[in-house]
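Coordinate-derived values only; no laboratory data. The model shown is predicted, which means the values in this text are computed figures rather than measured ones. For neighbour counting, all protein chains shown are included, and Cβ atoms are generated from backbone atoms with ideal geometry for every residue, glycine included.
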Amino acid sequence: MTTAAPAATRASAPNRPADVIFKAVSTTAGVLILIALAGVAIFLVAQAVPAIIGPLPEDDSFWAWVWPLTFGTLWSAFLAMVMAVPMAIAIALFITHFAPRRLASILGYAIDLLAAIPSVIYGLWGIAVLAPFMQPAYTWLADNLGWIPLFSPPASGTGRTILTAAIVLAVMVLPIITALCREIFLQTPRLNEEASLALGATRWEMIRMAVLPHGRSGIIASSILGLGRALGETMAVAMVLASAGAVTFVVVGSQNPSTIAANIALRFPEAHGITVNMLIGSGLVLFAITLLVNALSRWIIAKTTVDGGR
Amino acid sequence: MSKRIEINDLDVYYGSFKAVEGVSLEIEPRSVTAFIGPSGCGKSTVLRTINRMHEVIAGAYVDGEILLDGANLYGSGVDPVNVRRQIGMVFQRPNPFPTMTIRENVLAGVLLNNRRMSKSDQDDLVERSLRGANLWNEVKDRLGIPGSGLSGGQQQRLCIARAIAVSPDVLLMDEPCSALDPISTLAIEDLIEELKQEYTIVIVTHNMQQASRVSDKTAFFNIAGTGKPGKLIEYDETTRIFSNPSVQSTEDYVSGRFG
Ligand SMILES: Nc1ncnc2c1ncn2[C@@H]1O[C@H](COP(=O)(O)OP(=O)(O)O)[C@@H](O)[C@H]1O
Ligand SMILES: [Mg+2]
């Protein structure tokens with residue numbers, strides 16, 4: 001509304017070349033993005049159809065083939081989120097409300113650096129350091145807590161289990177969630193914080209009464225962003241996870257499900273014929289999952305955002 | 001319930017900046033004391049030292065003592081959290097918790113101390129506190145809506161209800177009406193008159209009529225210039241401060257000649 005008035009006065013002025021060019025460039029860019037998106041979607045569907053309808057050489061149906069991969073994708077991302085979200089919230093709270101200023105800025109910087117590490121490096125770290133480090137723990141868990149379905153023996157001999165992959169994923173999504181939560185927690189209205197302190201809240205109670213409620217939708221939004229990354233992460237999982245295509249909740253064994261993204265990366269180079277269509281079909285499934293997750297997050301945010309809460 | 005406050009030679013700092021210097025005054029129980037003075041003279045600062053809210057600001061500290069019925073609030077081993085549970089505070093801008101309902105807002109402070117309060121006790125307390133804040137009739141049918149859905153004046157009375165729900169000894173108010181319209185302001189002033197039966201009340205106000213309407217005693221603060229610490233200039237019966245103050249600058253201020 002406010003832009004209408006200046007626009008009207010400017011309309012009488014001659015069209016400046018810079019304006020015309022800028023408008024053309026930005027319109028083209030916007031249209032190109034839409035075309036690219038539509039192109040990707042059309043490509044995925046068109047290539048996936050033969051696999052979805054057609055007879056497959058080895059598997060009963062496309063869905064039977066893609067289900068273990070889908071399960072592995074969701075399960076590893078879920079495990080990663082279970083570890084990363086509480087950790088990220090705790091770190092963000094520590095940085096914003098507990099740490100001395102100097103330490104807080106060093107920590108914030110360190111977390112941002114984690115985000116800059118390429119995923120191949122995470123993969124290498126997962127294989128070379130984390131897997132052997134965790135392996136004895138898995139053996140112990142299988143031996144002593146094997147009655148819990150998550151830890152059913154036998155334990156993996158290499159440590160390259162879905163839990164190791166999930167830990168790597170958790171470390172990878174930690175920076176983005178932490179950074180966003182930190183921004184949100186810093187924006188808590190001073191007035192709300194003081195309201196709770198003046199009632200005699202301890203620092204932790206103040207966080208529960210003022211900081212977390214204010215940050216709720218932001219925490220959800222940042223978690224979903226992290227989840228998106230965990231679902232689509234390819235390289236690190238492909239390197240770390242020793243997969244067997246099983247559908248199981250056991251997190252310490254050697255019979256691990258693979259994930260869609262990692263499976264595509266590992267199999268595509270040698271794929272031909274219908275296998276290519278199957279892999280692309282699985283990509284379509286991943287695409288659908290990510291869309292769904294995003295829609296869900298928007299819905300949750302819209303539902304939980306109260307006026308004044310932000 | 002209502003307790004006596006004694007401030008002895010209080011200096012208040014923000015880091016290396018000395019904001020207030022050498023304040024000493026005694027506040028009787030069941031009375032209303034107004035802090036007046038030009039802006040920046042340290043009224044809010046002194047008020048916030050009384051419930052130890054001053055020190056939540058990084059680098060802020062005080063030198064001196066404040067006694068509540070003889071017990072030093074700044075004594076070693078005194079937990080500021082406990083001090084704040086005894087001394088309630090109402091802020092300049094209404095600040096109900098935006099994600100909590102009216103009922104939850106009223107109970108917020110009580111549930112910090114006593115988690116296992118029965119539902120019926122909670123209902124009683126909500127009603128009593130909201131009645132105490134003259135808000136009950138307006139909200140009794142919608143205790144479940146968010147506190148932020150009320151008007152500004154109602155929100156401020158909700159904040160008062162929240163503060164008195166914990167039965168504090170003292171109620172501090174920092175310009176509680178400055179964000180409100182005249183009608184809501186009168187409602188709060190009437191409320192202060194009633195609350196005085198039970199609480200020691202200290203109110204900061206920049207509104208001279210308000211100070212003369214609601215308070216028994218008035219403390220006038222002033223500041224020599226920017227960067228200088230604020231000081232307590234005169235403290236006396238409100239009628240005296242407004243009719244026949246003993247210091248010239250008080251007279252200048254209350255008669256509107258400066259500030
Ligand atoms: N958070 C703060 N940090 C540093 N200085 C402050 C802060 N709050 C207030 N001051 C300073 O302390 C002095 C007194 O402020 P204040 O108590 O708010 O005055 P008043 O309430 O009388 O207007 C002012 O000089 C102000 O700039
Ligand atoms: Mg003030």
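A few points about this structure:
- Region A:54-304 - Debye-derived log10 I(q)/I(0), Cα point model, q = 0.14, 0.17 Å⁻¹: -0.99, -1.24
- Order by protection proxy (mean Cβ within 10 Å, highest first), peptides B:134-146, B:81-93: B:81-93, B:134-146
- For region B:31-102 and region B:124-186, distance of Cα centres in Å: 19
- At R0 = 51 Å, FRET efficiency that the Cβ-Cβ distance of B:R131 and A:L103 yields, to 0.05: 0.60
- Rounded to the nearest 10 degrees, the inclination of helix B:119-132 to the longest alpha-carbon principal axis of chain B is 40 degrees.
- Shielding by partners - mean other protein chain Cβ count within 10 Å, residues of B:136-149: 1
- Per-peptide average of other Cβ atoms within 10 Å, ordering A:85-97, A:24-36, A:58-70 highest first: A:85-97, A:58-70, A:24-36
- In the frame of its principal axes, region A:122-181 has Cα extents of 39, 24, 13 Å, reported largest first.
- For region B:1-74, average projected area of the Cα convex hull in nm²: 5.0
- Span-rule helices in chain A, defined as complete DSSP H runs reaching 24 Å or more along the axis (Cα) with Kyte mean at least -1.0: A:17-53, A:62-93, A:162-186, A:212-232, A:274-304
- Peptide B:88-94 is shielded by partner chain Cβ atoms: per residue, an average of 3 of them sit within 10 Å of its Cβ.
- The distance linking region A:69-119 with region A:14-60 is 33 Å (Cα centroid to Cα centroid, whole angstrom).
- Between the Cα long axis of helix B:152-164 and the first principal axis of chain B there is an angle of about 90°, rounded to the nearest 10.
- Alpha-carbon centroid distance for the pair region B:1-21 / region A:235-276, whole angstrom: 67
- Based on C-alpha pairs under 8 angstrom that are at least 6 apart in sequence, region A:54-304 has a relative contact order of 29 percent.
- Volume per residue of the C-alpha convex hull in chain B, rounded to whole Å³: 127
- For the protein assembly as shown, alpha-carbon Rg relative to the globular expectation (2.2 N^0.38 Å, N residues): 1.30
- For the peptide A:187-198, the mean number of other protein chain Cβ atoms found within 10 angstrom of a residue's Cβ is 6.
- Zero-based 10 Å bins, Cα pair distances in region A:147-189, whole percents: 22, 30, 22, 17, 8, 0
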